[in-house]
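Peer 1: One structure, as structure tokens, below. Some questions next.
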Amino acid sequence: MSLRDLALLDVGHILRDSVGGAGQALTLISPEGVETPLTGFTGDISRAFDPGTGMVVKGRTVHVTIPIADLPAGDRLEGETNDSRKAWRVKFTSVTTGVESYFKVYETDPDDSLGCINLMLEVWRGC
Amino acid sequence: MPLQSLIDKIDSFEFVRDQIAAVLVTERENQMDLAARAGKDSFFWGLKVYSERDKAYEDWLNVGNDHRQEPIVSTIMKAAVRDPSVSTVPGVKNVYDGTWWIDVYGRGIASDNPAGGHVTSDAMAHTECHRGVRLVRNILAAGPNRFLGAVILDPATGKPVEQPIWAHPNIERWEFFGPEVEGRGGSFSVWGCRLEFAVRFTEFSPEYEPVILEELGVTVRRTEDGVVLMDTTVT
């Protein structure tokens, strides 16, 4: 097995490990509403935006990272900018508050070399 | 040479600063009241107004996804430029053209559209910002607010009896802003607009305290035969 194959396996193992590792249960929801339970990394930390005026508005940067191999077959997962179409969404429970929240995927960062994809999320009103 | 009197007044620019915020807040309440009476959702006439602040706004950080948020309005004085053509001796009476930045921020949240598709957060942020700009522009450019609510009227005629020390408030320019490329991501979308609000105002400064050297009193009178005399007293 090459180092590249080994790295691929390791990344998948690390992301999926919710028992001894930092993986967390999450759910990927397709535009058609099909829910796929997955395990991966989640991140939700504060972030400052400068809308260009020099004044700062605070928000959060939220993301999940999952193995590409775990993605459901079918339509490509990407941020949806067309408002006439439904969007990919993710839901997961906060590790600190225990509250489940829904998010929209607005941007994706696939990494084919390590076999994982980073989904940048924004808050979603409703379910 | 130290001044003999305490500087214990509010300058015109400080009054203008406070009046801009006061007009926005007062009219916001009025508009929301009018909307409610008209059977409309008064939320859409709401603004969150801040004056002279520069710390980060965390109003939208922890609020729930389902919670509606009014546009944020932030007013800051940017600059004042002296007009030498109408100012007198420098340091005594100066007329300035002041510029206030009135920044409006709109927040957008993605959501489902039951009619089909979904609401995109960036488009919503633009719309919300535009709505805030609409309200601010109409409030500050309205006739009754021409002197920022500070005109002095003759009770008999209803006309101004004094030239106010602040005049010609006008929105001279507005420009929309979006976050830089790396900042476009985030838990919600933000779109901003800066309105440049210009106000001409006059500032007065302490003058030399006069020292009375002597007092000269003069009384002019005409005698019966028409001679003009001046009676003087010197103290």
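Computed from the coordinates by the stated procedures, all read-outs in this text should not be read as laboratory data. Small disclaimer: the values here were computed from a predicted structure and weren't measured. Neighbour counts are summed over all protein chains in view; Cβ atoms, including those assigned to glycine, are modelled from backbone coordinates with ideal geometry.
Peer 1: Can you give me the angle between helix B:121-141 and the longest principal axis of chain B, using Cα atoms only, in degrees from 0 to 90, rounded to the nearest 10?
Peer 2: 20 degrees
Peer 1: Select from the stretch B:29-136 those trypsin sites (Lys or Arg not before Pro) which occupy a DSSP coil region and have at most 14 other Cβ atoms within 10 Å, ordered by residue number. All intermediate terms of the calculation are to be shown ahead of the outcome.
Peer 2: Working: sites: B:R37, B:K40, B:K48, B:R53, B:K55, B:R68, B:K78, B:R82, B:K93, B:R107, B:R131, B:R134; in loops: B:K40, B:R53, B:K55, B:R68.
Loop-located and lightly packed - B:K40, B:R53, B:K55, B:R68.
Peer 1: Work out which GluC sites (Glu not before Pro) in chain B are exposed loop sites (DSSP not H, G, I, E or B, at most 14 other Cβ within 10 Å) and give the longest gap free of them.
Peer 2: Longest stretch, sites excluded: B:59-161.
Peer 1: List the chymotrypsin sites (Phe, Trp or Tyr not before Pro) within the stretch B:170-235 that DSSP assigns to loop and that have no more than 11 neighbouring Cβ atoms inside 10 Å.
Peer 2: Answer in residue order: B:Y208.
Peer 1: Among B:V104, A:V64, B:V23, which comes first, then next, by fewest other beta-carbon atoms within 10 Å?
Peer 2: B:V23, A:V64, B:V104
Peer 1: Next up: Once the other residues with Cβ under 10 Å from the Cβ of B:L3 are scored (Lys, Arg +1; Asp, Glu -1), what is the net sum?
Peer 2: -2
Peer 1: Run the numbers on chain B and let me know its relative contact order in percent, using alpha-carbon pairs under 8 Å that are six or more apart.
Peer 2: Averaging sequence separation for qualifying contacts and normalising by length gives 19 percent for chain B.
Peer 1: If you add up the charges near B:G98, with Lys and Arg at +1 and Asp and Glu at -1, over every other residue whose beta carbon is less than 13 angstrom from its beta carbon, what do you get?
Peer 2: Here the count lands on -3.
Peer 1: Moving on. Please give the helix A:3-16 orientation as an angle from the longest Cα principal axis of chain A, in degrees from 0 to 90, rounded to the nearest 10.
Peer 2: 60 degrees
Peer 1: Taking the Cβ of A:G23 as the centre, find all other residues whose Cβ is under 14 Å away and add up their charges (Lys, Arg: +1; Asp, Glu: -1).
Peer 2: Net local charge, A:G23 excluded: -2.
Peer 1: Also, quick follow-up: Taking the Cα centroid of the stretch B:36-68 and of the stretch A:37-106, what is the distance between the two, rounded to the nearest whole Å?
Peer 2: One Cα centre to the other: 24 Å.
Peer 1: Below 8 Å, C-alpha to C-alpha, sequence gap of six or more: please give me the relative contact order for chain A in percent. Write down the numbers at each step before the final one.
Peer 2: Values: 252 pairs, mean separation 29.5, N = 127.
RCO, chain A: 23 percent.
Peer 1: Can you give the mean number of other chain Cβ atoms that lie within 10 Å of the Cβ atoms in peptide B:117-129?
Peer 2: Taking all residues of B:117-129 together, the mean is 4.
Peer 1: Continuing with this model, one more query. Set the bar at 18 Å for Cα to Cα. Now go through A:K104/B:K55; B:K9/B:K93; A:K58/B:K48; B:K48/B:K78 and name every pair that lies beyond it.
Peer 2: Correct reply: A:K104/B:K55; B:K48/B:K78.
Peer 1: Explain nothing, just the number: relative contact order of the stretch A:63-127, from Cα pairs under 8 Å at least 6 residues apart, as a whole percent. If you can, show how the numbers build up before the last one.
Peer 2: Working: 107 pairs, mean separation 23.6, N = 65.
Value for the stretch A:63-127: 36 percent.
Peer 1: Apply the a/c threshold of 1.5 to the C-alpha gyration tensor of the stretch A:42-97 and tell me whether it is rounded, prolate or oblate.
Peer 2: oblate
Peer 1: Helix B:12-37: angle to the longest alpha-carbon principal axis of chain B, degrees 0 to 90, nearest 10?
Peer 2: 50 degrees
Peer 1: State, to one decimal in nm², a quarter of the convex hull surface area for the C-alpha atoms of chain B, i.e. the direction-averaged projected area.
Peer 2: 23.6 nm²
Peer 1: Hey, if you drop one equal point scatterer on each alpha-carbon of the protein assembly as shown and run the Debye formula without solvent, what base-10 log of I(q)/I(0) do you get at q = 0.10, 0.11, 0.14, 0.15 Å⁻¹?
Peer 2: So the normalised log intensities are -0.78, -0.87, -1.15, -1.25.
Peer 1: Then there is this: Looking at the protein assembly as shown, send over the antiparallel percent of its DSSP beta bridges, to the nearest 5.
Peer 2: 90 percent
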